[in-house]
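Right, one structure below, let's go through it.
Just so it is clear, none of the values below were taken in a lab; they were calculated from the coordinates. Remember, predicted model here, so these are calculated numbers, not experimental data. Neighbour counts run over all protein chains shown; Cβ positions are idealised from the backbone, glycine included.
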Amino acid sequence: MIRSKIMAGAAVALSAALLAGCGSTKDSGGGAKAAGGSGKVGVDLPLLTSPFWQSYNAYVPTMAKQLGVKTMPTVNSNSDPTQQITDINNLLNQDVKGLVVAPLDSAAIVAGLNQAGRKGVPVVAVDVAPDKGKVAMVVRANNVAYGEKACTYLGDKIKSGKVVQIQGDLASVNGRDRSQAFNDCMKKKYPQVKVLEIPAEWKAEKAASGLDTVLNGNPDVKGIYMQAGGVYLAPTLQALRSKGMLHTAGGPKHIAIVSNDGIPQEFDAIRKGEIDATVSQPADAYAKWGLYYIKAAMEGKTFQPGKTDHDSEIVKLPNGLLEDQLPAPLVTKENVDDKALWGNTVGK
């Protein structure tokens with residue numbers, strides 16, 4: 001069971017933010033009230049096969065209680081963009097007054113956003129930004145920074161040779177941002193590093209088969225970048241172990257590995273020396289601020305670009321949407337036991 005004291009002082013900070021606001025999280029006071037801040041909120045999950053999304057799912061009721069948001073039971077779209085649109089429609093038919101959605105496909109989600117718009121129901125997008133359409137806020141970490149942090153860490157470690165990038169779904173802006181940032185950084189800063197790509201679409205089986213093929217043809221790989229540790233960690237470690245290529249960090253045969261997510265399993269792998277680092281994607285903050293912004297939207301509040309009162313920045317995306325870019329720290333053996341990391345609070 002997740003502690004009720006997730007994120008020290010969260011309840012106090014949230015109460016203050018809702019009453020007064022600070023920086024760019026202060027509302028403008030404009031806009032019609034969609035539901036007077038009341039009514040049921042539907043929360044749609046992209047999948048539940050990843051420990052990251054399992055953790056996010058567990059944080060939702062905790063944060064909803066702190067904020068005074070009434071949520072429906074969460075819905076799992078099971079990695080199917082078409083099912084996600086159906087799920088959104090089903091939630092709308094249950095008379096929800098707000099939606100928090102983690103889009104599977106940045107383009108396909110527009111159909112669901114349009115459905116909500118026709119019913120006057122505000123939407124907050126979590127983790128993935130839509131290509132177009134209307135949302136009150138996108139709650140997301142800077143995914144370009146994910147790719148750049150992974151690139152810099154691996155590049156500084158290996159200097160030259162081959163690295164494998166196990167990509168996410170390129171239909172998602174997250175997969176595109178991480179891949180492009182990683183590749184651009186490598187070309188600019190580490191021209192002696194060759195990047196081998198595996199388009200795994202956030203699916204463990206594709207990561208497993210793709211990595212097996214790459215390692216068969218490239219036994220001299222020096223590094224691996226996993227864009228989603230929640231689904232790629234287990235198959236990656238298994239593939240290396242089965243080939244006798246899983247060696248402890250610090251040894252001459254170790255393959256440097258950087259991940260994204262910040263789940264407890266990645267932290268354990270860092271402690272064991274199986275992987276080197278991960279970028280901690282804030283599952284707790286996604287739930288917290290996703291629900292905060294949907295409550296604000298239901299009250300008719302709007303926001304502006306700029307620094308926030310919670311160590312992030314709201315930016316305007318090229319498509320005109322606002323995105324609250326939450327911090328996502330790099331976790332290594334030096335800070336893996338930091339109690340402030342959400343991955344160290346799960347189950348405690």
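Here are some notes:
- Residues whose amide H falls under 5 Å from that of Ala107, counting only those 5 or more places apart or on a different chain, are Asp131, with hydrogens built in the peptide plane.
- Euclidean distance of C-alpha centroids, segment 238-291 and segment 76-141, integer Å: 30 Å
- HN-Hα J in Hz across segment 298-307 - Karplus 6.51, -1.76, 1.60, θ = phi - 60°, x for Gly and Pro: 5, 8, x, 7, 10, 9, 10, x, x, 5
- Cβ-based net charge around Gln325, under 10 Å, with every Lys or Arg adding one and every Asp or Glu removing one: -2
- Gly229 sits among other residues whose Cβ lies under 10 Å from its own Cβ, and their net charge, with Lys and Arg +1 and Asp and Glu -1, is -2.
- Residue of Leu104, Leu67, Leu291 that the Gaussian network model of the chain assigns the largest fluctuation, springs spanning Cα pairs under 10 Å: Leu67
- Table column - 3J(HN,Hα) (Hz), segment 38-53, Karplus curve with 6.51, -1.76, 1.60, x for Gly and Pro: 10, x, 7, 10, x, 10, 9, 9, x, 6, 10, 8, 9, x, 5, 6
- Sparse-neighbour loop sites [trypsin sites (Lys or Arg not before Pro); segment 172-246; at most 16 other C-beta within 10 Å; DSSP]: Lys243
- Shape of segment 143-280, Cα gyration tensor, a/c cut at 1.5: rounded
- In percent, rounded to a whole number, the relative contact order of segment 143-280 is 25, using alpha-carbon pairs under 8 Å and six or more apart.
- Once backbone amide H atoms are built at 1.01 Å from N, Val164 has Leu196, Gly223, Ile224, Tyr225 as its partners under 5 Å, excluding neighbours fewer than 5 places away on the same chain.
- Residue-wise HN-Hα coupling along segment 95-105, computed from phi with Karplus coefficients 6.51, -1.76, 1.60 (Hz; x: Gly, Pro): 6, 5, 9, x, 10, 10, 10, 9, x, 7, 10
- 5 angstrom amide H check on Gly273, placed H, neighbours 5+ away: none
- Charge tally in the Cβ shell below 9 Å around Gly147, where Lys, Arg are +1 and Asp, Glu are -1, Gly147 excluded: -1
- Of the residues Pro305, Pro264, Pro61, the one that moves most in a GNM of the chain with alpha-carbon contacts below 10 Å is Pro305.
- Residue pairs exceeding 19 angstrom between C-alpha atoms, taken from Lys70/Lys132; Lys65/Lys295; Lys132/Lys301; Lys159/Lys188: Lys70/Lys132; Lys132/Lys301.
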